[in-house]
1. All but one of (1) in a loop (DSSP other than H, G, I, E, B); (2) without any contact (Cβ under 8 Å) to a residue 24 or more places away in the chain hold for Thr61; state the number of the condition that does not hold.
2. Report whether or not Val7 is at pLDDT below 95, outside any loop (DSSP other than H, G, I, E, B) and hydrophobic (A, V, I, L, M, F, W, C).
3. Somewhere in region 101-123, is a residue modelled with pLDDT of 95 or more and more than 20 Å from Glu3 (Cβ to Cβ)?
4. Report every pair of residues separated by at least 6 positions or lying on different chains whose Cβ atoms are under 6 Å apart, first residue within region 1-28 and free of Cβ contacts under 8 Å to residues at least 60 places away in the same chain, second surrounded by 18 or more Cβ atoms within 10 Å (Cβ to Cβ) and assigned to a loop (DSSP other than H, G, I, E, B).
5. Do we find a residue being in contact with a helix residue (DSSP H, G or I) (Cβ under 9 Å, 6 or more places away or on another chain) and of a type in the set (S, T, N, Q) anywhere in region 50-73?
6. State which residue is modelled with the highest pLDDT when the search covers only region 52-81 and only residues that are more than 13 Å from Pro41 (Cβ to Cβ) and in contact with a Pro (Cβ under 9 Å, 6 or more places away or on another chain).
7. Sort through Val7, Val33 and tell me the only one that's hydrophobic (A, V, I, L, M, F, W, C), surrounded by 14 or more Cβ atoms within 10 Å (Cβ to Cβ), in contact with a Phe, Trp or Tyr (Cβ under 6 Å, 6 or more places away or on another chain) and under 18 Å from Gln107 (Cβ atoms).
Amino acid sequence: MYEHLLVPVEDSDLSGRAIEASIGLAKLLGAKVTGFTVERPLPPMVLDQVIMGYDPDTITTHQMQCESHARDVLQRFAERARDAGVPFEGQFSVTDNVQEAIVEAAQRHGCDLIVMATHGRHGLDALISGSLTKSVLSHSQVALLVVH
């Protein structure tokens with residue numbers, strides 16, 4: 001049925017639900033899992049309506065922090081997968097466009113199912129916060145399993 005699951009995660013309890021669900025499903029199906037996390041780039045630095053560049057040390061430090069955080073998040077996922085006997089690979093990207101990064105990662109790695117957790121917001125809260133899950137659903141050709 002499904003052979004390769006992409007599981008976008010962050011450092012949150014909500015992502016823990018997607019991790020556990022995806023590992024259980026992958027074990028049941030004999031599938032492999034690619035854990036995927038997105039780190040944010042440095043925001044534009046604006047001074048007197050002029051976009052300024054960051055000094056190289058700041059950029060290097062930020063890149064190192066992003067990589068370290070991503071490795072920590074994905075390492076915890078990898079340990080759970082390993083304990084369950086599920087093949088795992090961790091990937092990360094640095095971008096502001098999380099939805100696009102998830103869709104591209106699913107395509108790039110040949111995933112046939114994306115497993116995501118959602119808060120399940122409704123009404124005004126959903127309008128204000130938006131929904132990454134809905135955005136991925138509307139832009140992806142890959143099946144999406146939503147864990148609530």
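The values are calculated or read from the model by the stated rules, or taken from the named source; none is laboratory data. Since the structure is predicted, the reported quantities are computational estimates derived from the model, not experimental observations. Here the Cβ is made from the backbone with ideal geometry for all residues, glycine too, and neighbour counts use every protein chain on show.
1. Among (1) in a loop (DSSP other than H, G, I, E, B); (2) without any contact (Cβ under 8 Å) to a residue 24 or more places away in the chain, Thr61 violates only (1).
2. Details: at pLDDT below 95: no; outside any loop (DSSP other than H, G, I, E, B): yes; hydrophobic (A, V, I, L, M, F, W, C): yes.
Judged against the criteria, Val7 is not a match.
3. Residues of region 101-123 that are modelled with pLDDT of 95 or more, as a first pass: 101-115.
After this cut, where a residue has to be more than 20 Å from Glu3 (Cβ to Cβ) as well, the list is 101.
So far as region 101-123 goes, yes, one or more of its residues are modelled with pLDDT of 95 or more and more than 20 Å from Glu3 (Cβ to Cβ).
4. Lys27/Val86
5. No, region 50-73 has no match at all.
6. Ala81
7. Numbers: Val7 fails: in contact with a Phe, Trp or Tyr (Cβ under 6 Å, 6 or more places away or on another chain).
Result: Val33 is the single residue among Val7, Val33 that is hydrophobic (A, V, I, L, M, F, W, C), surrounded by 14 or more Cβ atoms within 10 Å (Cβ to Cβ), in contact with a Phe, Trp or Tyr (Cβ under 6 Å, 6 or more places away or on another chain) and under 18 Å from Gln107 (Cβ atoms).
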